[in-house]
1. If residue 84 satisfies all but one of (1) touching a residue at least 24 places away in the same chain (Cβ under 8 Å); (2) closer than 15 Å to residue 14 by Cα, what's the number of the condition it fails?
2. Starting from residues that are touching a residue at least 60 places away in the same chain (Cβ under 8 Å) and of a type in the set (Val, Ile, Thr), keep the ones in the stretch 11-50 and report whichever is nearest to residue 115 (Cα to Cα).
3. Name the residues in the stretch 1-18 that are modelled with pLDDT of 95 or more and loosely packed, with under 14 Cβ neighbours inside 10 Å, would you?
4. Residues being free of Cβ contacts under 8 Å to residues at least 24 places away in the same chain and in a helix (DSSP H, G or I): count how many of those fall in the stretch 105-127.
5. Do you know which residues across the stretch 46-95 are polar (S, T, N, Q) and either under 30 Å from residue 122 (Cβ atoms) or surrounded by 18 or more Cβ atoms within 10 Å (Cβ to Cβ) (or both)?
6. So, in the stretch 51-64, how many residues would count as being of a type in the set (Gly, Ala, Ser) and free of Cβ contacts under 8 Å to residues at least 40 places away in the same chain?
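The values are calculated or read from the model by the stated rules, or taken from the named source; none is laboratory data. Remember, it's a predicted structure, so these values are computed and weren't measured experimentally. Virtual Cβ from ideal backbone geometry, glycine too; neighbours counted across all protein chains shown.
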Amino acid sequence: MGKEYGGLETLRVWQAAMAFVETIYREVIPHLPSNERFALRDQLQRAVQSIPANLAEGYGRYHFADRIRFCYIARGSVEEVFTFLEIARRLNYISEDNHRRVQQELQRVKQMINGYIRYLRSQQHAPHTSPKK
């Protein structure tokens with residue numbers, strides 16, 4: 001697909017969410033024990049993938065309300081990831097430093113989602129002007 005698409009791939013919040021997926025796969029998943037393969041690891045993978053996936057689904061919707069609703073779902077997935085990372089830290093699967101770094105990146109993604117929601121709301125209530133001829 002590459003750079004010729006120019007739609008979803010240009011959305012900064014989606015880019016940040018995708019980068020965060022990579023961070024989780026590189027910095028957290030390898031540290032989880034094999035006995036967590038079908039428990040914590042699986043749930044963390046699904047939740048982190050859900051963040052950019054829901055942003056993408058909302059991006060593809062026509063109505064503002066749908067777009068915002070999928071942002072809320074993505075934000076819920078952020079909270080799931082937060083919880084799974086906290087579990088991993090409390091069980092000493094990841095170090096305090098690693099946990100702190102990953103949580104900071106997660107909070108940046110959450111802030112960007114909140115900003116995107118504010119933007120969508122402002123566009124929803126903005127007066128529509130017809131194009132000049």
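1. Of the numbered conditions (1) touching a residue at least 24 places away in the same chain (Cβ under 8 Å); (2) closer than 15 Å to residue 14 by Cα, the odd one out for residue 84 is (2).
2. 13
3. If the condition is that a residue be modelled with pLDDT of 95 or more and loosely packed, with under 14 Cβ neighbours inside 10 Å, then 12 is the only one that fits.
4. Going through the stretch 105-127 one residue at a time, the tally reaches 5.
5. 49, 50, 54, 77, listed by residue number.
6. Residues in the stretch 51-64 being of a type in the set (Gly, Ala, Ser) and free of Cβ contacts under 8 Å to residues at least 40 places away in the same chain: 2 in total.
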